[in-house]
Amino acid sequence: MIDVPEIQLEKCDGCGLCVDVCSSQLIMMRESVAVVIKTEGCNWCTLCEAVCATGAIRCPFEIIIE
Amino acid sequence: MMDKIDFISSVPYFSGLTKTELDAIAALFFEKNGKKNEVFTLEGEPAETLYFVASGVIKVFKTSAEGKEQILSLVRPGGSLNEIAIFDDGPSPTSAEAITPVVLYGISGADLILKLQTYPKIAKSIIKALASQVRQLMSLIEDLAFKRVISRVANILLEHVVNGGDKQPRLTQQEMAAMAGTAREVVGRSLKTLEDNGVLRIDRHRIIITNKEGLKELAQIS
């Protein structure tokens, strides 16, 4: 499993807020939609999901028992 | 982005004003551009300007005595900052910091209060907007006071354990919020509380339940 946020391109309105909030510089705009450009380095702060007004970004959690 | 007049006319506080009234109000507004991480309000300090977000996002948060930050809300375009301190003349109950570059429109609290006397229509709209916020806060208090959300979140976690046998979907905080019937921010706070209680640990994209029995007990509180 790749540990990066999931972006549904068809829902992205290209506002770019996720790019601005990402402290790991993991997201960039390409052809007016947000894309994840690295597969490592995400600290899962979930701010990109929180600021996305269209619900295009998902930062899902895997729930496990130790 | 909309120009100043268009933006101000789109703010619920100023809905229903005539063009002349709107022009008079808009003349009192100034534009403020902020950088990411710029702080606009500090908890405990006075706030003299009411801001409306035209673009970007501001986080509104409180800081505990131990320095832990708790985000209460994210203010997006159309939202406002500092009403409480402006209208009750007290210190700001929260801090506000830009998490993206932002464009704000601000009006001094003193100017706004003077205009309320000239245009009572604005006062009516503001009362309505504040009442709506009180309604949301009441709902939040109800959830927090009766620990319903923590209990619901605990149940959701127990039902979605991936190593419990059945294949379970991974859940976002937004999805947990929808299931628990609450706001995303409240789920974030509940997860932190559960972590502080020692029943789980959050390790990046994994929520690791470290005390299943303890979590079950919390799930039964109603």
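The values are calculated or read from the model by the stated rules, or taken from the named source; none is laboratory data. Since the structure is predicted, the reported quantities are computational estimates derived from the model, not experimental observations. Virtual Cβ from ideal backbone geometry, glycine too; neighbours counted across all protein chains shown.
Considering only the stretch B:60-71, I want to know if a residue exists there that is surrounded by 21 or more Cβ atoms within 10 Å (Cβ to Cβ), modelled with pLDDT under 95 and not hydroxyl-bearing (Ser, Thr, Tyr). Within the stretch B:60-71, one or more residues are surrounded by 21 or more Cβ atoms within 10 Å (Cβ to Cβ), modelled with pLDDT under 95 and not hydroxyl-bearing (Ser, Thr, Tyr). If you check B:Glu83, B:Glu97 for being within 14 Å of chain A (Cβ to nearest Cβ) and surrounded by 15 or more Cβ atoms within 10 Å (Cβ to Cβ), only one passes: B:Glu97.
Whether any residue in the stretch B:118-129 is under 22 Å from B:Arg189 (Cα atoms) and either acidic (Asp, Glu) or surrounded by 13 or more Cβ atoms within 10 Å (Cβ to Cβ) (or both) is what I want to check.
no
The set of residues in the stretch B:9-57 being in contact with a helix residue (DSSP H, G or I) (Cβ under 8 Å, 6 or more places away or on another chain) and small (Gly, Ala, Ser) consists of B:Ser9, B:Ser15, B:Gly16, B:Ala24, B:Ala26, B:Ala47, B:Ala54, B:Gly56. Per the listing B:Val103, B:Val60, B:Val11, B:Val75, the residue uniquely of a type in the set (A, V, I, L, M, F, W, C), farther than 27 Å from B:Glu195 by Cβ and within 14 Å of chain A (Cβ to nearest Cβ) is B:Val103.
Conditions tested, residue by residue: (1) more than 14 Å from chain A (Cβ to nearest Cβ); (2) among the β-branched types (Val, Ile, Thr); (3) crowded, with 17+ Cβ neighbours inside 10 Å.
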{"position": "B:Ile5", "(1), (2), (3)": "yes, yes, no"}
{"position": "B:Ser15", "(1), (2), (3)": "yes, no, no"}
{"position": "B:Thr18", "(1), (2), (3)": "yes, yes, no"}
{"position": "B:Ala24", "(1), (2), (3)": "yes, no, no"}
{"position": "B:Leu28", "(1), (2), (3)": "yes, no, no"}
{"position": "B:Asn37", "(1), (2), (3)": "no, no, no"}
{"position": "B:Gly44", "(1), (2), (3)": "yes, no, no"}
{"position": "B:Thr49", "(1), (2), (3)": "yes, yes, yes"}
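Among the residues of the stretch B:200-222, those that are β-branched (Val, Ile, Thr) and free of Cβ contacts under 8 Å to residues at least 24 places away in the same chain comprise B:Ile202, B:Ile208, B:Thr210. Residues that are of a type in the set (S, T, N, Q) and more than 9 Å from chain A (Cβ to nearest Cβ) within the stretch B:202-222 comprise B:Gln220, B:Ser222, listed in sequence order.
Are any residues in the stretch B:183-197 within 12 Å of chain A (Cβ to nearest Cβ), of a type outside the set (Lys, Arg) and over 11 Å from A:Ile63 (Cβ atoms), and if so, which ones? Within the stretch B:183-197, B:Ala183, B:Glu185, B:Val187, B:Gly188, B:Leu194 qualify.
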